[in-house]
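In what follows, a single structure is set out as structure tokens and then discussed.
Laboratory data are not the source of any read-out in this text; all were calculated from the coordinates shown. Note that this is a predicted model, so its numbers are computed, not measured. Here the Cβ positions follow ideal geometry from the backbone for every residue, glycine too, while neighbour counts run over all protein chains shown.
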Amino acid sequence: MKNSPLDFNAPRWLQTLLPLTRKAEFISHYTSVDIPDLATAKHERDQLKRKYGAANFAAKIGKRKSGTYALVYTVREMRTEKLF
């Protein structure tokens, strides 16, 4: 095990430095209101699903008392951040 990356007896310039990172998940909730008809609401939902990806996107379409539709959706995003 001479001069392996985890050999702490080796000189410092021979040791491999591990990058310190963390993965953070960001969840955002949005609401689009006053969409005039159901077809437009479904079209907007499909556009957002293509933009964010099906695995990171969840949406519900609801009808309001005023006769319009509301699109409520959640977007999940993973980011890798460098610590130092």
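Taken about its Cα centre, segment 38-84 carries a charge dipole of roughly 180 debye when the Cβ of each Lys and Arg holds +1 and the Cβ of each Asp and Glu holds -1. For the chain, the longest principal axis of the C-alpha atoms and the axis of helix 38-52 are separated by about 10°. Rounded to the nearest 20, the size of the Cβ-charge dipole of segment 10-70 about its Cα centre is 140 debye, with Lys and Arg at +1 and Asp and Glu at -1. Going from the residue with the fewest nearby Cβ atoms within 10 Å to the one with the most, Glu44, Glu77, Glu25 rank Glu25, Glu77, Glu44.
What does the charge count near Ser28 come to, summing +1 for each Lys or Arg and -1 for each Asp or Glu among other residues with Cβ under 14 Å from its Cβ? It would help to have the intermediate numbers written out before the result.
Numbers: positive: Lys51, Arg76, Arg79; negative: Glu25, Glu77.
Its environment carries a net charge of +1.
Three principal axis extents of the chain based on alpha-carbon atoms, in descending order, are 73, 18, 14 Å.
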